[in-house]
């Protein structure tokens, strides 16, 4: 299971790339593998305020639907519109072209509570 | 938990296994459900369906036993043919199980119930369960016969809804021209000891393995019912739109009186197909409304998913029987109204 060392993780299986106040969010390789083939992503709207731990997006596979929880609080500043027509990028490239959105963090200190790669690997038992 | 004779084969192929009807079966292989689905529509796939039950009913009374119990009329077929039929609840005519009967030869029938309903069938018919003596491989798709012909040509020649007793490398198999995908193909019952070798020969011929995930999306596109969703307690064959399964010309079958009452009164709901807009999949048990008539659900979905071929959502739903094809509907998916319309089944026709 691919768990890049430079990213942070939530216990709800989202990954987070921190660059200043910007947090880019996606779902982990483990999450996409558990979901199976993704056929639809309900993206949040740009400008939406999100609260850490609350659901703000849904990912649907042929098998089931899964909530995406905001790993940090803030305002959605960008969404990956390409997922509307090619949601399978969540499966094929979860840490790259399969990114979901960018959140401008309202409380950057929240990022410190996220898991590092070692802790996430332990969580998923890999 | 019960394990298929092909369990090791699936695990070595990297299959994701899931519990299904008391069996541990492959959900998907490495390529994933969408790939497997499209491979079946365009080429050929093989499913392990060993979890289906087999109950052998034989002897001079076998024909009468089946004919007096199950809904369909065996006089429409003959030895060497297969027939889809129902076992009904005597009290209300609801479908206890949907079954394929393989009429193997004169007084020998292999009755194939759904895995978890095998006991209902043996309770009704007796017979001897042979489920654990064989594996069943379903080879399905427009290329199924041509690819199968390279390793088992006699099986590839078994016609639609025909049944033949054949030999593969000296092993006695029963082969039927049946399936659950809406595509052409055959199902092969092979003794457990030879099952891995036959599986390997079929996949070596270029037939890709497919799991229960693709089996479900394929049967949904084909508008085929799944027991526990479109059939089950409280659901009659007439409500499911399967009146052709009922042999009204027979003097008796189990549940006939209850079903006759419904036929006289008319069904209060009918299973229909709904095509929804966009990729978002409708799911089972979503309320269905007539578009523009807010607040009043007129029915409910029984199955729903993304159609890999059509690239939009499709659902089966019980609706009032008088709604015309094309009627615009809304499917309430966890609070979001998905626009859709009633379409004729199947959603996807054979390749």
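Each reported figure results from applying straightforward, stated rules to the coordinates on display, with no laboratory input. Just so it is clear, the structure is predicted and the values come from calculations on it, not from any experiment. Cβ sites come from the backbone with ideal geometry, for glycine too, and all protein chains shown count toward neighbours.
Observations on the structure shown:
- One residue from B:254, B:219, B:280 being within 14 Å of chain A (Cβ to nearest Cβ) and in a loop (DSSP other than H, G, I, E, B): B:280
- Residue within the stretch B:295-307 that is free of Cβ contacts under 8 Å to residues at least 24 places away in the same chain, in a loop (DSSP other than H, G, I, E, B) and more than 22 Å from the chain's Cα centre (by Cα) present: yes
- Cross-chain or 6+ apart pairs with Cβ under 9 Å, the stretch B:17-28 first and within 14 Å of chain A (Cβ to nearest Cβ) and free of Cβ contacts under 8 Å to residues at least 12 places away in the same chain, then in a strand (DSSP E or B) and surrounded by fewer than 17 Cβ atoms within 10 Å (Cβ to Cβ): B:17/B:24
- Subset of the stretch B:166-184 [more than 25 Å from residue B:213 (Cα to Cα) and within 22 Å of the chain's Cα centre (by Cα)]: B:173, B:174
- Test: residue in the stretch B:312-325 that is over 30 Å from residue B:184 (Cβ atoms) and exposed (fewer than 13 other Cβ atoms within 10 Å of the Cβ): yes
- Hits in the stretch A:82-107 (condition: within 14 Å of chain B (Cβ to nearest Cβ), surrounded by 19 or more Cβ atoms within 10 Å (Cβ to Cβ) and not in a loop (DSSP other than H, G, I, E, B)): A:83, A:89, A:90, A:91
- For the stretch B:308-320, filtering for residues that are without any contact (Cβ under 8 Å) to a residue 60 or more places away in the chain and within 14 Å of another protein chain (Cβ to nearest Cβ) leaves 4.
- Meets criteria (touching a residue at least 12 places away in the same chain (Cβ under 8 Å) and either at negative phi or surrounded by 15 or more Cβ atoms within 10 Å (Cβ to Cβ) (or both)) for residue A:12: yes
- Residues of the stretch B:31-55 satisfying the condition of being within 14 Å of chain A (Cβ to nearest Cβ) and in a loop (DSSP other than H, G, I, E, B): B:31, B:32
- Counted as qualifying within the stretch A:1-81 are the strands (runs of 3 or more DSSP E) with 1 or more residues that are within 14 Å of another protein chain (Cβ to nearest Cβ), namely A:38-42, A:55-61, A:65-69.
- Number of the condition not met by residue B:262 [criteria: (1) surrounded by 22 or more Cβ atoms within 10 Å (Cβ to Cβ); (2) part of a helix (DSSP H, G or I)]: (1)
- Output for the stretch B:1-16, where each listed residue is more than 14 Å from every other protein chain (Cβ to nearest Cβ) and either buried (at least 20 other Cβ atoms within 10 Å of the Cβ) or touching a residue at least 12 places away in the same chain (Cβ under 8 Å) (or both): B:1, B:2, B:3, B:4, B:5, B:6, B:7, B:8, B:9, B:10, B:13
- Once the stretch B:321-351 is narrowed to residues that are assigned to a loop (DSSP other than H, G, I, E, B) and within 14 Å of chain A (Cβ to nearest Cβ), the residue that is nearest to the chain's Cα centre (by Cα) is B:334.
- Residue match in the stretch B:259-275 (condition: touching a helix residue (DSSP H, G or I) at 6+ places or on another chain (Cβ under 9 Å) and touching a residue at least 12 places away in the same chain (Cβ under 8 Å)): yes
- Note on the stretch B:284-294: residues that are in a loop (DSSP other than H, G, I, E, B) and either more than 14 Å from chain A (Cβ to nearest Cβ) or surrounded by fewer than 18 Cβ atoms within 10 Å (Cβ to Cβ) (or both) total 6.
- Of all residue pairs spaced 6 or more apart or on separate chains, those with beta-carbon atoms under 7 Å, a first member in the stretch B:236-249 that is free of Cβ contacts under 8 Å to residues at least 24 places away in the same chain and a second member that is part of a loop (DSSP other than H, G, I, E, B) are B:243/B:237.
- For residue B:201: the one exception among (1) buried (at least 19 other Cβ atoms within 10 Å of the Cβ); (2) out of contact with any strand residue (DSSP E or B) (no Cβ under 7 Å at 6 or more places or on another chain); (3) in a helix (DSSP H, G or I): (1)
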